[in-house]
Structures are given as structure tokens and as C-alpha cells.
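Presented below is the structure to which this report refers.
The values are calculated or read from the model by the stated rules, or taken from the named source; none is laboratory data. Since the model is a prediction, treat every value here as computed from it, not as a measurement. Cβ: placed from backbone, ideal geometry, glycine included. Neighbour counts: every protein chain shown.
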């Protein structure tokens with residue numbers, strides 16, 4: 001029995017995962033050293049470039065196209081992207097609407113500026129692309145082939161949670177709700193990928209959920225607070241209902257709607273099923 005090669009005399013998926021992390025480390029650690037030496041911040045754009053490059057190299061070594069990871073960018077890809085954007089908007093608007101209807105929440109309008117809209121759009125879009133390429137791209141797809149869909153989902157969800165576990169605002173009941181939300185959200189993004197065999201819907205869903213929550217509505221986005229168009233003001237709402245500084249995603253309503261959407265996607269059947277990975 002060959003521990004490195006499968007029955008088709010190709011490198012086993014588990015070793016491709018090792019190769020992915022070795023390549024990622026070979027780019028990331030020198031960047032960290034350079035950042036410490038020359039006092040610059042490692043931005044989400046740096047991370048996007050590294051993850052994209054490592055994913056491309058791994059696909060090149062496997063003699064596969066990058067579109068095998070991301071999905072072919074055709075009309076269907078953009079349709080799935082728009083579907084994800086629509087669902088991501090609903091995911092944040094519905095809990096906020098309920099809080100407003102029942103009088104827990106009212107709004108102030110911040111001074112509008114194009115820079116606020118553009119900054120949030122560009123940063124959060126790059127962040128969504130980066131995280132989906134990392135967590136639903138090469139690594140996730142090799143885990144699926146190595147262990148199956150649900151073991152891969154649970155492993156990636158655990159990793160996704162670990163990368164967010166010390167975000168600002170994660171204390172007390174908020175930390176519990178936020179942790180459950182992040183774990184289930186990863187499952188939700190994973191189901192969207194598995195159903196479509198494309199990163200379009202997960203990217204759209206991930207991006208718009210964060211953009212609507214942060215830049216538009218003015219909540220924290222996983223603990224990060226940036227300029228926004230609106231400012232939410234809570235009227236005696238308990239923290240488990242508001243989500244605190246972490247964001248509406250860490251509220252009981254935010255968690256409930258993530259669970260509802262995850263269940264919906266699980267039972268959803270796309271009109272055109274694509275080939276297996």
C-alpha cells in the first residue's frame with residue numbers, strides 16, 4: 001500500500017492539503033517577517049494575493065484549471081452570485097426588521113459619503129473572496145474528496161471558527177451566540193458551494209451579509225466596526241438580542257435566521273446540477 005499515491009497513481013488528497021499549507025506558510029511567514037522589519041500592516045489584499053497564488057500553484061501542480069475551484073465564470077456563475085447577494089441581504093435585514101417592528105431598535109442617519117460606501121464595498125468584497133477561496137476552495141474540496149462532505153464541513157467550520165474566536169466583542173453570552181453562528185455560517189457557505197459546485201453563491205452571500213450588516217446598517221461585522229450609512233440605536237434591548245459590539249450576527253435573531261437559511265439551502269435543489277468534484 002502506497003501512503004502517497006492512490007489507486008490511480010496520483011498524489012492522495014491528504015498530501016495535497018499538506019502541500020497547500022506548506023506553500024501558504026512559505027509565502028506568509030516571510031511576509032510577516034517583512035511586515036515586522038519595515039513596520040507595515042498585512043492587509044486583506046495581501047492575504048487575498050497569497051491565497052490566490054497558492055491556490056493557483058496547487059491547481060497548476062495538479063494540472064487542473066483554477067475554474068475547477070471557483071466555478072466557470074459564465075452567465076450561471078453571475079446568476080448564482082446575485083442569488084447569494086440577495087440571500088445575504090435578507091439574512092441581515094429580516095432580524096433587524098423584527099427588532100424595529102417590536103420597538104427595540106430605531107435609526108439615525110450618518111453623513112453620507114461615497115468613500116464610506118466604496119471603502120466598505122471594496123474591503124468586504126475582497127475579504128469575502130479571500131475567505132471563501134481559503135475555506136471553500138482548494139482545502140475544502142480536497143477534504144471532501146479525502147473524507148466526504150460532512151467530515152469536510154465540520155473540519156472547515158472548526159477552522160473557520162478558530163480564525164474568528166478572539167475577535168473584538170466576543171465575551172459572555174455574545175461569545176457563545178457568535179461562536180455558534182460562525183460555525184453554522186461556515187456550514188451554510190459550504191452547502192451553497194456543494195449545491196452549485198461554484199464559489200459564486202458563497203462569495204455573494206458572505207459579502208452581502210457583511211456589507212449589509214456593517215456598511216449599510218452600522219452594526220459591527222464579527223466585532224469590526226467601520227463607517228456606515230445608518231447608525232442603530234437600541235432601546236433597552238438585552239445584549240443577546242442586540243449582539244453587542246460583535247454585530248447582529250451574535251444575537252439570537254441573527255443566529256435563528258442563519259439556521260433557517262442553512263436548512264433552506266440544505267433542502268434546495270438547483271435546476272441544473274453540476275458534475276461532482
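I'm trying to understand the selection: among the residues of the stretch 95-118, which are touching a helix residue (DSSP H, G or I) at 6+ places or on another chain (Cβ under 8 Å) and either modelled with pLDDT under 95 or surrounded by 16 or more Cβ atoms within 10 Å (Cβ to Cβ) (or both)? If the condition is that a residue be touching a helix residue (DSSP H, G or I) at 6+ places or on another chain (Cβ under 8 Å) and either modelled with pLDDT under 95 or surrounded by 16 or more Cβ atoms within 10 Å (Cβ to Cβ) (or both), then 95, 96, 99, 104, 105, 106, 107, 110, 116, 117 are the ones that fit.
Of the residues screened, residue 157 is one that is assigned to a helix (DSSP H, G or I), within 13 Å of the chain's Cα centre (by Cα) and surrounded by fewer than 21 Cβ atoms within 10 Å (Cβ to Cβ). Looking for something more than 23 Å from residue 246 (Cα to Cα), at pLDDT 95 or above, assigned to a loop (DSSP other than H, G, I, E, B) and within 25 Å of the chain's Cα centre (by Cα) - is there at least one such residue anywhere in the stretch 122-134? No: the stretch 122-134 contains no residue that is more than 23 Å from residue 246 (Cα to Cα), at pLDDT 95 or above, assigned to a loop (DSSP other than H, G, I, E, B) and within 25 Å of the chain's Cα centre (by Cα). Regarding the stretch 263-275, can at least one residue be identified that is touching a helix residue (DSSP H, G or I) at 6+ places or on another chain (Cβ under 9 Å) and under 20 Å from residue 100 (Cβ atoms)? Checked the stretch 263-275: no residue is touching a helix residue (DSSP H, G or I) at 6+ places or on another chain (Cβ under 9 Å) and under 20 Å from residue 100 (Cβ atoms). Within the stretch 1-20, the only residue that satisfies the criterion of being within 23 Å of the chain's Cα centre (by Cα) and without any contact (Cβ under 8 Å) to a residue 40 or more places away in the chain is 18.
Scanning the stretch 57-69 for any residue that is in contact with a strand residue (DSSP E or B) (Cβ under 7 Å, 6 or more places away or on another chain) and exposed (fewer than 13 other Cβ atoms within 10 Å of the Cβ) turns up nothing.
Among the helices (runs of 4 or more DSSP H) lying completely within the stretch 186-277, list those that include at least 2 residues that are over 23 Å from residue 115 (Cβ atoms) and under 18 Å from the mean Cα position of the chain (by Cα).
Passing ranges, in order: 200-211, 252-267.
For the stretch 207-228, the candidate set comprises residues that are touching a helix residue (DSSP H, G or I) at 6+ places or on another chain (Cβ under 7 Å) and closer than 14 Å to residue 106 by Cα; within that set, the residue that is surrounded by the most Cβ atoms within 10 Å (Cβ to Cβ) is 219.
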